[in-house]
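These notes are about the structure you will find just below.
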Amino acid sequence: QRGRDAYARIGILPTFTGVACHDAYESYLGYECPHALCNAHLLRELTAVAEGIGQSWATDLLAVLREAHHRRKRSGRLSPRSQRAIRRRYRHLVRVGRMANPFVVGKTPVSRNGRIRRTPAQRLLLRLADHEDDYLRFLTDPAIPFDNNLAERDLRMSKVQQKVSGCFRTHLGAQSFCSIRAY
């Protein structure tokens, strides 16, 4: 499960002091550690907005993020001037997206729990604005990856094993599986 109860039982996130690189799942963001949001997940969301709705701001932001990733991979570290330029372009495109997807007060439908309903593009734009530093943390810290794909690949085999067999039958079996996978 993914949620506060599961994280508390596992005991990692409540005491974690590093930078948590993840997919912007809401319950992760509640922890006080610094966050680095996965740009591979973001690229998929931007592609959906660009292709599904046909909004050019999403296509342009895809290009900005891909260029930033390529430049960071090539040079290892971006100059402060380059970082500022990328942030300017990011912010500009978020503003363009907000204009293309206005938040109309009073005319937006409300869900049963009282929350204002937002389109996927509006929810994405809010997250892009609220978590700019987390999405762009890879620009300023060379230890932060562009995405969390490596971590997901490392966990994928154990998740596949759980799905195939339904679970690990014993704690010892799970430990044995993890020991073997560690090689």
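The values are calculated or read from the model by the stated rules, or taken from the named source; none is laboratory data. The model shown is predicted, which means the values in this text are computed figures rather than measured ones. Neighbour counts run over all protein chains shown; Cβ positions are idealised from the backbone, glycine included. The accessibility values were calculated without ligands, DNA or RNA, using every heavy atom of the protein model including side chains. Shrake-Rupley method; radii C 1.70, N 1.55, O 1.52, S 1.80 Å.
Below is a table of values for the structure above.
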{"quantity": "Which listed residue, of Ala121, Ala58, Ala63, is free of Cβ contacts under 8 Å to residues at least 40 places away in the same chain and either in a helix (DSSP H, G or I) or buried (at least 16 other Cβ atoms within 10 Å of the Cβ) (or both)", "calculated": "Ala63"}
{"quantity": "Given (1) open to solvent by 60 Å² or more (accessible area, probe 1.4 Å); (2) under 15 Å from the mean Cα position of the chain (by Cα); (3) within 18 Å of Ile144 (Cα to Cα), number of the condition His70 does not satisfy", "calculated": "(2)"}
{"quantity": "Out of Ala100, Ala129, sole residue that is of a type in the set (A, V, I, L, M, F, W, C) and either in contact (Cβ under 8 Å) with a residue 60 or more places away in the chain or within 22 Å of His22 (Cα to Cα) (or both)", "calculated": "Ala129"}
{"quantity": "Those residues of segment 79-118 which are open to solvent by 90 Å² or more (accessible area, probe 1.4 Å), closer than 18 Å to Thr59 by Cα and more than 21 Å from the chain's Cα centre (by Cα), in sequence order", "calculated": "Met99"}
{"quantity": "Among residues of segment 1-38, those that are at negative phi, modelled with pLDDT of 75 or more and part of a loop (DSSP other than H, G, I, E, B), counted", "calculated": "12"}
{"quantity": "So Ala8, is it open to solvent by less than 30 Å² (accessible area, probe 1.4 Å), among the hydrophobic types (A, V, I, L, M, F, W, C) and over 16 Å from the mean Cα position of the chain (by Cα)", "calculated": "no"}
